[in-house]
Amino acid sequence: MVNAAKVLQDLRASAERKPDVVVRLGKPLIESGAVLKLDADAWLVYEQVAIAALDIGDDTLAQKCIQALETKFPGSPRVRRLQGMQLEAVGKLAEAGLIYKAILEEDETNVLAAKRQVMLLRAMGLPSEAISALVKYLDINYTDFEGWLQLADLYLEELMYAQAAFCMEEVLMLQPQNHIFHLKYAEILYTQDNIQLALKQFCRVVELCRDHVRGLYGIKMCASRLLKAAPSKDATVTSQEDLEAMDLLATERLIALYGAPGAAAESSKVAATKWIETQ
């Protein structure tokens, strides 16, 4: 029991979501009643196992855990959220939504209920409502970069690129060293035809992650587009000489990356070279 409890505690601390492991270790503790020997941690295990059971479709175990929590903490928002998740698991989305709405009416700062509400609205195919709910959530929880990422994805699904770009700017203020986020922002800018700023972001990707293939491709695409455009006298615009240098460097690095030893690599190198030469 001690080993199982320790593993479950470690999983909670690391926020790892391994439902199969949690159920395998937690189910015997709950069914035997040994979980109650963990004192205060017992209720954390009940909650942890309930969520894991819902993840893998063990409705009986989930119900047992939630019932125990309801008996111990009647009317608790945390338990009601679990009841909402249980309703989601059996397809009663509207009923689950009412639970989350009631929790948020009582306490609009309830982060877990707010996130469940957004996920539920997305699952119900209500993107506009999901966006509104997430915007309201981020007004209160401004520093939640995952919330901004989710909002960016929602805007992208609706082809609202300007709004998605704004969300990624907020993400980068909170996570400036993550090259994946710079890449996503760069690709949104490219889609908006904001090539000059997209080029800067693709360069940032390669600066943070050397020889990042998509970053290099982005530099190549942007430099090629700008070189084909009429020269600008704007001092803030990248010079023709710098564009040519970036285009050449990206080309050389891409060909080198596809040029590792081996027949398959040689074929990839030929294909990559042919594509690059057409740009």
Review point. If residue 136 satisfies every condition in (1) touching a helix residue (DSSP H, G or I) at 6+ places or on another chain (Cβ under 7 Å); (2) within 19 Å of residue 119 (Cα to Cα); (3) open to solvent by 80 Å² or more (accessible area, probe 1.4 Å) but one, which is the exception?
Key: (1)
Point to revise | Total residues in the stretch 14-32, condition without any contact (Cβ under 8 Å) to a residue 12 or more places away in the chain and under 22 Å from residue 76 (Cβ atoms) | key: 1
Exercise for review: Identify the single condition in (1) open to solvent by less than 30 Å² (accessible area, probe 1.4 Å); (2) of a type in the set (Gly, Ala, Ser); (3) over 29 Å from residue 136 (Cβ atoms); (4) out of contact with any Asp or Glu (no Cβ under 9 Å at 6 or more places or on another chain) that residue 50 does not satisfy, given that it satisfies every other one.
Suggested key: (3)
Point to revise | Which numbered condition residue 92 misses (of (1) closer than 20 Å to residue 63 by Cα; (2) of a type outside the set (A, V, I, L, M, F, W, C); (3) surrounded by 15 or more Cβ atoms within 10 Å (Cβ to Cβ)) | key: (3)
Review point. Considering 145, 166, which residue is among the aromatic types (Phe, Trp, Tyr) and in contact (Cβ under 8 Å) with a residue 24 or more places away in the chain?
Key: 145
Review point. Where residues in the stretch 148-163 are without any contact (Cβ under 8 Å) to a residue 12 or more places away in the chain and of a type in the set (A, V, I, L, M), which of them is surrounded by the fewest Cβ atoms within 10 Å (Cβ to Cβ)?
Key: 159
Exercise for review: Name, by its number, the condition in (1) crowded, with 23+ Cβ neighbours inside 10 Å; (2) not in a helix (DSSP H, G or I) that does not hold for residue 168.
Suggested key: (2)
Practice item. Kindly provide the set of residues from the stretch 109-127 that are in contact (Cβ under 8 Å) with a residue 24 or more places away in the chain, open to solvent by 20 Å² or more (accessible area, probe 1.4 Å) and not basic (Lys, Arg), ordered by number. Key: 109, 110, 111, 112, 121, 123, 124, 127
Study note, to complete from the structure: Checking 61, 38, 87 in turn, the sole residue that is touching a Lys or Arg at 6+ places or on another chain (Cβ under 8 Å), open to solvent by less than 90 Å² (accessible area, probe 1.4 Å) and either among the polar types (S, T, N, Q) or more than 26 Å from residue 144 (Cα to Cα) (or both) turns out to be 61
Revision key, fill the gap. Of the residues in the stretch 198-214 that are open to solvent by 60 Å² or more (accessible area, probe 1.4 Å) and assigned to a helix (DSSP H, G or I), the one that is farthest from residue 254 (Cα to Cα) is 200
Check your understanding: Do we have any residue at all in the stretch 219-239 that's in a helix (DSSP H, G or I), open to solvent by 50 Å² or more (accessible area, probe 1.4 Å), among the hydroxyl-bearing types (Ser, Thr, Tyr) and in contact (Cβ under 8 Å) with a residue 24 or more places away in the chain?
Key -> no
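The values are calculated or read from the model by the stated rules, or taken from the named source; none is laboratory data. Since the model is a prediction, treat every value here as computed from it, not as a measurement. Cβ sites come from the backbone with ideal geometry, for glycine too, and all protein chains shown count toward neighbours. These area figures cover heavy atoms from the full protein model, side chains too; ligands, DNA and RNA do not enter into them. Shrake-Rupley method; radii C 1.70, N 1.55, O 1.52, S 1.80 Å.
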